[in-house]
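Right, one structure below, let's go through it.
The values are calculated or read from the model by the stated rules, or taken from the named source; none is laboratory data. Because the structure is predicted, anything quoted here is derived from the model rather than measured. For neighbour counting, all protein chains shown are included, and Cβ atoms are generated from backbone atoms with ideal geometry for every residue, glycine included.
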Ligand SMILES: Nc1nc2c(ncn2[C@@H]2O[C@H](COP(=O)(O)OP(=O)(O)OP(=O)(O)O)[C@@H](O)[C@H]2O)c(=O)[nH]1
Ligand SMILES: [Mg+2]
Ligand SMILES: [Zn+2]
């Protein structure tokens, strides 16, 4: 496939204002391993390393290169190996707070058009968790689609109830339910996949991200999957690196490993978008600095919860996530994090 078909849109093309140096080419990062990356130009894939200069300029950050990036590189030995000289400016960055004592960010992927937030309808289903993943996507300015899996494992009645619950909780989000084993719902899911656009699968281990790709490819075991734990449906981390895969129709899909711990990103904007309907009421609270936790003070949000217009669970999650986001911000500020 051509570079354009591989996602190299005019947005990236526009960054190259003069002819490339002799021997240089444009390529996309399809996987990042320890110490090297895989690059592909739509035709051939080869391993590549970054120049010392590029690594130094990134000031030691591990995140200067991620799957989905577009780079300028120089090929060696008839295309067996390449050196990465620079990374093109990203259209979008999907990132999360990393696990550890200090607040910092890990890039999950770059240049994603639509992110599938994948969640199981079976054991392990947890709306709060789903909302956390969703806010990462919102905050990155990427369009989310919620992909609910394992619908085959529920009775018709339970399935209906669960889907209703998700739809009520996420009124403004596209939601599609599938079974990767029976293929039910796959046609609806495929409608989201546009050739040349880049997608990402995000969600806890074991929800069926890789199985979804296998199901799209029509090959049960093209990519490696593992059964989940019987008692709680938890996955055991079958995917261990992020990888960009070309689907049959030419859409580009990035599979990611389920995250071990989902940190609380600085997702103020993402939270506001996820809870758009709640935030819209804020202006009606009696006090401008209303914390929305005390119903004696004329809080419009609590009034709406009491009137049954907003579900209690959704309200509580909103308050919790707002509080966590404020803490993260504080911690960033203490570390002198800029632009936040
Ligand atoms: N019954 C049923 N099982 C599914 C479905 N989707 C996935 N599974 C099973 O769930 C288990 C985990 O699936 P994976 O595709 O490995 O999950 P994952 O999200 O990629 O997990 P990580 O790579 O660990 O993040 C496998 O045993 C799959 O066969 C589904 O729609 N229905
Ligand atoms: Mg996987
Ligand atoms: Zn209020």
Restricting attention to the range 185-219, report how many residues are within 16 Å of ligand 2 (Cβ to nearest atom) and assigned to a helix (DSSP H, G or I).
9
Residues to consider are 114, 149, 155, 92; find the one that is over 25 Å from residue 10 (Cβ atoms) and either surrounded by fewer than 23 Cβ atoms within 10 Å (Cβ to Cβ) or at pLDDT below 95 (or both).
155
If we keep just the residues of the range 174-184 that are surrounded by fewer than 19 Cβ atoms within 10 Å (Cβ to Cβ) and part of a loop (DSSP other than H, G, I, E, B), which is nearest to ligand 1 (Cβ to nearest atom)?
181
On the given criteria, is residue 134 under 24 Å from residue 3 (Cα atoms), modelled with pLDDT under 95 and surrounded by 22 or more Cβ atoms within 10 Å (Cβ to Cβ)?
no
